[in-house]
Every structure is written in C-alpha cells, then in structure tokens.
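Q: First the structure, then my questions, so here it is.
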Amino acid sequence: MSNKVVLITGTNSGFGWLTANTLAELGHKVYATMRDTASKNAEKAKALAQVENITVLDVTLTDDASVKNAVDSIIAAEGRIDVLVNNAGFGAAGVAESFTTTDVEEMFGLHVVAYWRLMKAVLPVMRQQADGLIVNISSGAGRFAFPFMTVYSAAKFGLEGLSEGLHYEVKQLGVDVAIIQPGAFPTDILHKVRTGSDESVVAGYGALAEIPNQMGSGLAQLFETTKPNPQEVADAVVTLINLPKGERPLRTVVDPSTGHIVETANEAVQVEYEKTITAFGMGSLLN
C-alpha cells in the first residue's frame, strides 16, 4: 500500500477524528479539516496537529472560497490529492413538521451541498492524475427514511444520489466514488442532534412527539447490548483505500447492530439497477 495524500472533513470528533489518526498511523499524509481551530475546536486542532503525518486546516465547508483555498494549498504542498473523505455532519431528530425551511436548508447545505463542493473541488486534480478515491460517509438512514429522522434521512438520500451517479460517471477516468453507510454508533454526533425550530406544531402531535425520546432510550439499550465500536468506520475507510482502483464497492455497510436491512436492500436494488443501466445503453459503465 503506497502512502496517500488524504483530505478529511469533520475531524474534530467521531469518525473523522478516528479516521485521521488511523490513516496517519499507517503513514498516509492527512489533511484534517475543522472549523474554529482558534476557538471552540482549539484543543482538538492542537492535539491532531501534534500527530505525525497530520496537518490541520481551518475550513468552512459551506464557503466556496474556504474550500478552494484548502484544496489549492494541499495541491501546492503535495502536488496531488489521492483521497477525499467527506465526513462532517450533524444529526437531526424530531417531528418533521417542526423543521423550518431554514432548518432544512442548513441540513442539506452541509450534508449535500458542502459534500458536493468538496467533490467538485478535488475532481479536477483526480481526473488529471487518472487516480483518486472519494469516500462519502452516509448512513443507513440514507437508504431508508426513519420516522422522526425525516429531514436527516432526506439529506442523506441526496448524498447517496450524488454519490451513486458520480460513481459511474468518473470510474472510467480512474476515480472511484464510494459510500460508507454506518449504523448507529456512540459518537459525538449523538450530542449534536438538532430539533426543529418551529416548536409550535409539536403539541399537535400529542404522544407521537415523545417517540424521538423513546428512540434515544432504545439506542442506549442497543449500545449496551451490541457495543458497536466507531473504529469500524475508520477501518472501512482503510479497506477502501487498500482495494485496487476500479474494484471498490459503491456501498459499504458498517452496522454491527442493524445492518442486515441495509445490506439486503443494497444487494436487491443493485441487481435491478444494473439491468436498467444496461437497458439504457450504459452497460459499459458497469465495468
């Protein structure tokens, strides 16, 4: 395995933190991005910056100029970008109707538009290299919309759509696009769960509005029983990097607790999807 130049977003906690440290330990050159490196995330940024093979960049993913400057600086320093890991995100749960238009725009702005912003920024250099890997961290909730996670699922649906179409468009150019679909893991994202801003509608749902709290209790019990380890997601990124170009799967499920439903859906849909692509005269893109 040759060492890669890797750009990772959302490295101040959770999967991003673990992935940055794991890849750096393996000898890859990691550019770890987060916001507020001089304030809120100062301690996290300092800790990562002290790790060999990690350079921390302060990047606002929702800003075109900030992302472009980061990508340009990496290319100037390294001459290439081999891997992008789009990971940054936050959760959302609650009565769907309570989410305002602004709430939904913020959710899509990070999980769809910002991910696309990063993909579009690295694609030119990856196409020029005829080599590259884009890993988008989605969710099992990107395959099924769970009640009271409606807005979060919708954003992840959008990410899956971007990733799936792009996977086939750029594969022939030497660039792989892969999705990781984690299940529920005990990471900091559970402490970053947003609720809808329009609380005025919640009372109209009566006892139904209590279901999100019940979901939290259920997760706690699930974690106690299955003890899922977030390191498995970082390890899945390593596996994708190590696989030969062109042989990386579109979707990888990492869900020790409830992953069978997602795996089953992926496998069943893929068979019919490939038949349809072929019928539309695009079968060559499957190779």
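Q: Going residue by residue through region 115-134, is there one that turns out to be on the phi < 0 side of the Ramachandran plot, without any contact (Cβ under 8 Å) to a residue 40 or more places away in the chain and assigned to a loop (DSSP other than H, G, I, E, B)?
A: Within region 115-134 (the criterion being on the phi < 0 side of the Ramachandran plot, without any contact (Cβ under 8 Å) to a residue 40 or more places away in the chain and assigned to a loop (DSSP other than H, G, I, E, B)), the answer is no, since none of the residues qualifies.
Q: Further question on the same structure: Select, from Thr55, Thr11, the only residue that is β-branched (Val, Ile, Thr), assigned to a loop (DSSP other than H, G, I, E, B) and either in contact with a Phe, Trp or Tyr (Cβ under 8 Å, 6 or more places away or on another chain) or open to solvent by 60 Å² or more (accessible area, probe 1.4 Å) (or both).
A: Every option except Thr11 fails the conditions.
Q: Still on this structure, I have one more. Taking into account only those residues within region 224-234 that are touching a Phe, Trp or Tyr at 6+ places or on another chain (Cβ under 6 Å) and at pLDDT 90 or above, which is surrounded by the fewest Cβ atoms within 10 Å (Cβ to Cβ)?
A: Across region 224-234, the extreme among qualifying residues is Pro230.
Q: For region 32-46, give me the residue count where each residue is surrounded by fewer than 15 Cβ atoms within 10 Å (Cβ to Cβ) and in a helix (DSSP H, G or I).
A: Total satisfying the criteria: 3.
Q: May I pose another question? Within region 252-287, restricting attention to residues that are touching a residue at least 40 places away in the same chain (Cβ under 8 Å) and part of a loop (DSSP other than H, G, I, E, B), which residue is surrounded by the fewest Cβ atoms within 10 Å (Cβ to Cβ)?
A: Restricting to residues being touching a residue at least 40 places away in the same chain (Cβ under 8 Å) and part of a loop (DSSP other than H, G, I, E, B), the top hit is Met282.
Q: Continuing with this model, one more query. When region 165-201 is examined, which residues are found to be in a helix (DSSP H, G or I) and either without any contact (Cβ under 8 Å) to a residue 24 or more places away in the chain or surrounded by fewer than 17 Cβ atoms within 10 Å (Cβ to Cβ) (or both)? Break it down stepwise before answering.
A: In the first step, residues of region 165-201 are kept if they are in a helix (DSSP H, G or I); the result is 165-173, 188-191, 199-201.
Scanning region 165-201 gives Gly165, Tyr168, Glu169, Gln172, Leu173, Asp188, Leu190, His191, Glu199, Ser200, Val201.
Q: Could you tell me how many of the residues in region 15-31 are outside any helix (DSSP H, G or I), open to solvent by less than 40 Å² (accessible area, probe 1.4 Å) and closer than 15 Å to Ala49 by Cβ?
A: Of the residues in region 15-31, 2 are outside any helix (DSSP H, G or I), open to solvent by less than 40 Å² (accessible area, probe 1.4 Å) and closer than 15 Å to Ala49 by Cβ.
Q: While we're looking at this one, here's another question. Check Val237, Val201 and return the single one that is under 25 Å from Leu173 (Cα atoms) and at pLDDT 90 or above.
A: Val237
The values are calculated or read from the model by the stated rules, or taken from the named source; none is laboratory data. Keep in mind the model is a prediction, meaning the values are calculated, not measured. For neighbour counting, all protein chains shown are included, and Cβ atoms are generated from backbone atoms with ideal geometry for every residue, glycine included. Only protein heavy atoms, including side chains, enter the accessible area calculation; ligands, DNA and RNA are left aside. Shrake-Rupley method; radii C 1.70, N 1.55, O 1.52, S 1.80 Å.
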